[in-house]
Amino acid sequence: MHAEEREHQYAEQKKKIKIMLARYLALQRSHDREGRRADKYNHAFESKEREIEELYEDLLAMEHDCNIKTEIIASLRINEEQYQEEIEDLQAKLGLSADSLSIF
């Protein structure tokens, strides 16, 4: 009976080991899936991060262009004001009024 008892214990241990191994393999597969999923999300995140960096660089370039255009417009307005003052000075020196020039 000792031998039968040992065989029974051996069979029980073998069954427990199989169950533990199956659980371990299931856990490993789950971990692998999660790892692949995490890799996928990391890749997507890095891709979006690069896209945001590129958009930010584009935004900075556009801001720079805008600043340059604003400076040009301000310069043109200053030039326009200077030219207007010069025209008024010349009109005053020539004795012309704005009404006499309105024919143009």
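Being among the acidic types (Asp, Glu), open to solvent by 90 Å² or more (accessible area, probe 1.4 Å) and modelled with pLDDT of 90 or more is true of Glu57. Screening the candidates Ile17, Ile73, Ile52 for the property of being aliphatic (A, V, I, L, M) and open to solvent by less than 100 Å² (accessible area, probe 1.4 Å) yields one hit, Ile73.
The values are calculated or read from the model by the stated rules, or taken from the named source; none is laboratory data. Fair warning: this is a prediction, and the values are worked out from it, not measured in the lab. Side chains included, ligands, DNA and RNA excluded: accessible areas come from the protein's heavy atoms. Shrake-Rupley method; radii C 1.70, N 1.55, O 1.52, S 1.80 Å.
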